[in-house]
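**Student:** Have a look at this one before I ask anything.
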Amino acid sequence: MAILSSSSSSSSASAMQKGIVVTIPVLVLTASFSAVLFFIISSFLSSCSCPPSIPLLNDAVVAAVDGGDKRSEERISTSQEDIDWVKDLIRSNGLHMQENVLRKGINPRTREQQLQDLIQYKGISHYEGDEATNHTALPCPGELLVEEHHSNYGEPWAGGRDVFEFLAEAAQLKRDARVLEIGCGTLRVGLHFIRYLNPGNFHCLEKDELSLMAALRYELPSQGLLHKRPLIIRGEDMEFNKFGSGVAYDLIYASAVFLHMRDELVWTGLERLVDKLKPHKGRIFVSHNIKFCTRLGGDKCTERLASLGLESLGRQTHDSLLFNHYEIWFGFRRNKG
């Protein structure tokens, strides 16, 4: 029995030794493989721009993270649900329009009075003495600070948002689209495109110096949009060579600008722009009327458009969100590659 036991023990020990000899390389290989795999995964995660995994959030938190607008990527124009919400909020707070009379905490001023205060008192609180000019990074003229340029249009400043909504949705613009405005003025419309588009993707040709000063010295800084780097160039006579030869636009538009140009200059501009418009997908929109075209009479307008490689998309209208007003727009597309 002792011999059998000894033999059995010896066999068992031998088996264990053999097991150890077999297992160690496997463990070493497994550990090495795991280390390599871990290194690869760590390198991928460190270079990946993917958002970190986060737990499910309730609607309030999602709204806060998303800037209060969970549908910013899906819709541009204001929805009926949005309108109903703000109407209910006004109603629930018992708000009513009243005369703008002096009341506690408010000191009403017309633009003229505000401007006079800025000139006379340099504002409400201000620096005194020699250091007065050393604290303002981008000094702005008083006329711009009181927003006198907002009254330069034949309709309220708020109409700029209406134009943006119509054009952006009509052209199905994404944030990486490129847009050219002919005559952007003080950026009543352009501000909304600049805010929506990726940096550098909004271009404008404007000839009026005072409008450009208002746009660059007040509107862009006050709206926090300097980082969007719009390409705004002073020029006239439909000269677009400063925008580069390789650029292709998803949308080119002129809001009440062609009304003030002689017909042949408009046609010259269209001829220069057609090669800068993306084929088929790109759109040109002109507001109010196209007398430069209809004055040709008969089918001559269609023929001349066709000679440029353009096709009319007809007339469309867009209602204002805030005041009793609509605008007429005429669309064109490039039908040749």
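The values are calculated or read from the model by the stated rules, or taken from the named source; none is laboratory data. Everything quoted here is computed from the prediction, not taken from an experiment. Glycine also receives a Cβ, built like all others from the backbone with ideal geometry; neighbour counts cover every protein chain displayed. For the accessible areas, the whole protein counts, side chains as well, though only heavy atoms, and no ligand, DNA or RNA atoms are used. Shrake-Rupley method; radii C 1.70, N 1.55, O 1.52, S 1.80 Å.
**Student:** So, residue 252, is that one under 21 Å from residue 327 (Cα atoms), open to solvent by less than 40 Å² (accessible area, probe 1.4 Å) and not basic (Lys, Arg) or not?
**Tutor:** In short, yes.
**Student:** Next question, about the same structure. Hey, among 273, 259, which residue is in a helix (DSSP H, G or I), open to solvent by less than 40 Å² (accessible area, probe 1.4 Å), under 25 Å from residue 305 (Cα atoms) and not β-branched (Val, Ile, Thr)?
**Tutor:** Selected residue: 273, the only one of 273, 259 that is in a helix (DSSP H, G or I), open to solvent by less than 40 Å² (accessible area, probe 1.4 Å), under 25 Å from residue 305 (Cα atoms) and not β-branched (Val, Ile, Thr).
**Student:** With respect to residue 211, determine if the residue is of a type in the set (S, T, N, Q), in contact (Cβ under 8 Å) with a residue 60 or more places away in the chain and either in the same structural domain as residue 320 (by the TED database) or in a loop (DSSP other than H, G, I, E, B) (or both).
**Tutor:** yes
**Student:** Would you mind stating whether residue 145 is in contact with a Lys or Arg (Cβ under 9 Å, 6 or more places away or on another chain) and at pLDDT 85 or above?
**Tutor:** Answer is no for this residue.
**Student:** Can you find a residue that is under 24 Å from residue 174 (Cβ atoms) and among the basic types (Lys, Arg) anywhere in the range 290-313?
**Tutor:** No, every residue in the range 290-313 fails to be under 24 Å from residue 174 (Cβ atoms) and among the basic types (Lys, Arg).
**Student:** Checking residue 165 against (1) under 30 Å from residue 112 (Cβ atoms); (2) surrounded by 15 or more Cβ atoms within 10 Å (Cβ to Cβ): exactly one of these is not met. Which one?
**Tutor:** Unmet condition: (1).
**Student:** Let me ask something else about it. Taking only the range 214-229 into account, find how many residues are among the small types (Gly, Ala, Ser) and either over 16 Å from residue 142 (Cα atoms) or assigned by the TED database to the domain that holds residue 141 (or both).
**Tutor:** Of the residues in the range 214-229, 1 are among the small types (Gly, Ala, Ser) and either over 16 Å from residue 142 (Cα atoms) or assigned by the TED database to the domain that holds residue 141 (or both).
**Student:** Which of the residues spanning the range 144-159 are part of a helix (DSSP H, G or I), hydroxyl-bearing (Ser, Thr, Tyr) and surrounded by 14 or more Cβ atoms within 10 Å (Cβ to Cβ)?
**Tutor:** none
**Student:** While we're here: With the structure loaded, tell me whether residue 230 is over 17 Å from residue 273 (Cβ atoms) and more than 14 Å from the chain's Cα centre (by Cα) or whether it fails that test.
**Tutor:** So residue 230 fails the test.
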